[in-house]
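Undergrad: Provided herewith is a single structure, encoded as C-alpha cells, for subsequent inquiry.
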Amino acid sequence: MSNERFKPTEIDRLHPEDNVRVEIENINGDVVSAYKGSGFSKVGDAIMTAYNANESLLGSADDYVYSVTDRNSGVCHRYRINAGGNAKLIV
C-alpha cells in the first residue's frame, strides 16, 4: 500500500473548475465569514478573494485562519497568511 501524501505544490494548487469554499476564522476559532467560488489556480488567490469580499472584517488578512475546501473532492486544509502575504499550510 502506497503512502499518498500531498506534495506542497499539490496542496497550494487549485484548478479553475474546482468549486471552493473558504471559511474565515477569527483568533477564537469562530467562523466569521464564508465564501464560495471557482476559477482559482492557487489557494492564496481564493483566500484573498474571500477576505476582500467581506468588508466587515477587521484587521489585516494575516489576523485570520482560512479553511479552504475543494467541494468537488471534499479535501480541506487550513492556512494562515504570513508576513510576506503568502498562504501557508497549517500542519
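Undergrad: Pick from SER67, SER41, SER56: which is most flexible by mean-square fluctuation in a GNM of the chain where alpha carbon atoms under 10 Å apart are linked?
TA: Comparing SER67, SER41, SER56 in the GNM, the peak value goes to SER56.
Undergrad: Please compute the alpha carbon radius of gyration of the stretch 29-71, then divide it by the globular-protein estimate 2.2 N^0.38 Å. Two decimals is fine. Working shown, then result.
TA: Numbers: Rg = 10.2 Å, N = 43, 2.2 N^0.38 = 9.2 Å.
That ratio works out to 1.11.
Undergrad: How high is the relative contact order of the chain, in percent, counting Cα pairs under 8 Å that sit 6 or more residues apart?
TA: Working: 151 pairs, mean separation 23.6, N = 91.
Once divided by the residue count of the chain, the mean separation gives 26 percent.
Undergrad: With each pseudo-label sitting 7 Å past Cα toward Cβ, what's the LYS42-LEU58 distance in nm, one decimal?
TA: Output for this residue pair reads 3.0 nm.
Undergrad: Tell me, what % of the accessible area of the stretch 5-91 is carbon and sulfur with a 1.4 angstrom probe? Spell out each step's value before the answer.
TA: Numbers: 2560 of 5380 Å².
Ligands and nucleic acids excluded, carbon and sulfur reach 48 percent.
Undergrad: Then there is this: For the chain, what D do you get in µm² per second when you plug the Kirkwood radius from alpha-carbon pairs into Stokes-Einstein at 20 °C and 1.002 mPa s?
TA: Numbers: Rh = 13.4 Å.
It diffuses with D of about 160 µm²/s by this estimate.
Undergrad: Given a 1.4 Å probe, how much area per residue of the stretch 36-91 is accessible, in Å²?
TA: Values: 3210 Å² over 56 residues.
With the other protein chains kept in place, the stretch 36-91 gives 57 Å² per residue.
The values are calculated or read from the model by the stated rules, or taken from the named source; none is laboratory data. Predicted model, so just to flag it, every value in this text is computed and none were measured. As a convention, Cβ positions derive from the backbone with ideal geometry for all residues, glycine included, and neighbour counts pool all protein chains shown. These area figures cover heavy atoms from the full protein model, side chains too; ligands, DNA and RNA do not enter into them. Shrake-Rupley method; radii C 1.70, N 1.55, O 1.52, S 1.80 Å.
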